[in-house]
Amino acid sequence: MTTVKDLFKVLDTIAPFNDSETWDNTGLLVGDMNNEVTGVLTTLDCHTSTVDEAIDLGANVIVAHHPLIFSKLSSVTESGIGKIIRNLIKHDINLIAMHTNLDHQTNGVSHMIACKLGFEDTEVLLPLAGNFKKLRINITREEKEKFKENMLKNAPVGKMGEYSEVSFEYEVQGQFKPSQNANPTIGKSGELEHVEEFVLECIFDAKDTEAVVSAIYKYHPFETPAFDIISIDMNKNEGLGVSFQFGESLDDLVNRLEAVMDRKIVNLVKANDNPINKVAIIGGSGMSYVNDVFKKDVDVLITGDVKYHEAYDAKLAGWNIIDAGHYLEIVMVDGLQSLIEKYSDVTVYASSVNTNPFE
């Protein structure tokens, strides 16, 4: 039996909810973590028609990209968002939102859009600034391998990009004198002891500091382990948007995009006729990042929700912009379905409901 809690852990692996922006509202918005999952429906938006679709499919979990509950709710009635919430509760359907946490992954929404365009080899466009720590801890030669294995396999340490169980070690000589009240693993009270030791080093996310310290005291054989935790500056592998190499004209890119979308783009800011070598994508609304984007030697940005004055300023700056509309993110429906199926045995459906508010 797979519970909503089990599914939530899978989703947290795909796109950690801690990677969400502070202003965002992700996670379980409606439902019960203890419910058994009968099926999952992925969607861009949770609409009344989406709930009906889930009911027809026998799926009691909807995973939406856009949070249904975003601004402050003062009432839940039979209109607007309230009607959808009431219908979810009435049919015991759980609603989970994966928004900016999914945007920030290397295989997230922008990457999914690039893949639809035929470009799977992408790079993170705007890496997130990481808040990382380095653990440096002393351990005896005899206990080193056992302690290292326990920490790397059971504690949140040693992950660097796509690599896990990463550590470094070097030999040192330590000394200590136990007090009369100490209970030393090595040495005797009141006598200076010299020990051939190793220093183990590994990286971890700052948010996991408490769990790492707890693991140290759980697995280290010494009564008082000697360790340091050092702050380091290092960008995450995750971030906002992606880029890829194209090598054709802007018109070629527009035609390819319209063929994938099966509709016209919203607007085009054509600032020059230069070849388009590097394409950037930020799904949803990306114009607030435009200055940082074009510092990356980008030739065009594909995004949505471009305002008139933003477009005007971009053209003056010589920046090509394709406004493909916010609904371009609809490709995440199939993309997220594939990711969940990869990491879970639950039945997953991709919504066929068109929630685009624009005709």
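The values are calculated or read from the model by the stated rules, or taken from the named source; none is laboratory data. Please read these numbers as outputs of a predicted model, since none were measured by experiment. Because the Cβ atoms are built from the backbone with ideal geometry, glycine has one as well, and the counts that use them run over all protein chains shown. Each accessible area value is taken on the protein alone, full model and side chains, heavy atoms only, with ligands, DNA and RNA left out. Shrake-Rupley method; radii C 1.70, N 1.55, O 1.52, S 1.80 Å.
Determine the calculated [θ] at 222 nm for the chain from helices alone, applying -39500 (n - 2.57) to every DSSP H run no shorter than 4 residues and normalising by the residue count; nearest 500 deg cm²/dmol. My calculation for the chain gives -8500 deg cm²/dmol from helical runs alone. The antiparallel fraction among DSSP beta bridges confined to the chain stands at about 70%.
Potential lengthening of the chain between N237 and F168 amounts to 22.8 nm, from the contour at 0.36 nm per residue minus the alpha-carbon distance.
Restriction of the GluC sites (Glu not before Pro) in segment 44-153 to DSSP coil positions whose beta-carbon has at most 14 other beta-carbons within 10 angstrom yields E78, E120.
Note on D292 and Q175: with the Förster distance fixed at 51 Å, the Cβ-Cβ geometry gives a FRET efficiency of about 0.50. Here the Karplus curve 6.51 cos²θ - 1.76 cosθ + 1.60, taken at θ = phi - 60°, turns the phi angles of segment 212-226 into couplings of 5, 4, 4, 5, 4, 6, 6, 9, 6, x, 7, 5, 10, x, 9 Hz, with x standing for Gly and Pro.
Normalising the Debye intensity of segment 18-169 to I(0), with uniform scatterers on Cα atoms only, and taking log10 at q = 0.09, 0.20, 0.21 Å⁻¹ returns -0.47, -1.19, -1.24.
Charge tally around F147: other residues with Cβ under 12 Å, Lys/Arg +1 each, Asp/Glu -1 each, net 0.
Please go through segment 37-128 and write out the trypsin sites (Lys or Arg not before Pro) that DSSP classes as loop and that have at most 15 other C-beta atoms within 10 Å.
Here the sparse-neighbourhood loop sites are K72.
Have a look at I84, S351, Y170 and report the one farthest towards the positive end of the charge dipole of the chain, computed about the Cα centre with Cβ charges (Lys/Arg +1, Asp/Glu -1). It is I84.
If only the Cβ of Lys and Arg carry +1 and only the Cβ of Asp and Glu carry -1, the dipole of segment 139-266 around its Cα centre is close to 360 debye. With the simple model of a label 7 Å out from the Cα in the direction of the Cβ, D12 to T224 spans 3.5 nm. Taking Cα atoms, how many degrees apart are the long axis of helix 308-317 and the longest axis of the chain, rounded to 10 and kept between 0 and 90? Helix 308-317 sits at roughly 70 degrees to that axis. Ranking S179, M287, L68 by how far each Cα lies toward the positive end of the dipole of the chain (charges on Cβ) leaves S179 at the top. Of the whole protein surface, E165 contributes about 100 Å² of accessible area at a 1.4 Å probe radius. Using only side-chain charges placed at the Cβ, +1 for Lys and Arg and -1 for Asp and Glu, the dipole size of the chain relative to its Cα centre rounds to 600 debye. Summarised in one figure, the compactness ratio Rg/Rh of segment 127-177, Cα atoms and Kirkwood Rh, is 1.04. Derived value for segment 211-359: Kirkwood hydrodynamic radius 18.7 Å. Basis is the mean of 1/r over every pair of different alpha-carbon atoms.
The simple Förster model, with R0 at 45 Å and r as the Cβ-Cβ distance, assigns E145 and S79 a FRET efficiency of 0.10.
Kirkwood hydrodynamic radius of segment 160-277, from the reciprocal of the average inverse Cα-Cα distance over all distinct pairs: 20.6 Å.
For V348, what residues show an amide H to amide H distance below 5 Å, using hydrogens built from the backbone and excluding near sequence neighbours? For V348, whose amide H was placed from the backbone, the distant partners under 5 Å are V40. With 17 Å as the cut-off, how large is the P(r) tail for segment 262-301, expressed as percent of Cα-Cα pairs? Everything past 17 Å amounts to 35 percent. Using a probe radius of 1.4 angstrom, the carbon and sulfur fraction of the accessible surface of the chain is 46%.
Plainly put, the chain has a radius of gyration that is 1.09 times its Kirkwood radius, both from alpha-carbon atoms, as the Rg/Rh ratio. Using the alpha carbons alone, the radius of gyration of segment 100-242 stands to its Kirkwood radius in an Rg to Rh ratio of 1.15. Taking the longest Cα principal axis of the chain as reference, the axis of helix 80-90 is set at about 60 degrees. Placing unit charges on the Cβ atoms only, positive for Lys and Arg and negative for Asp and Glu, gives segment 222-359 a dipole magnitude near 340 debye about its Cα centre.
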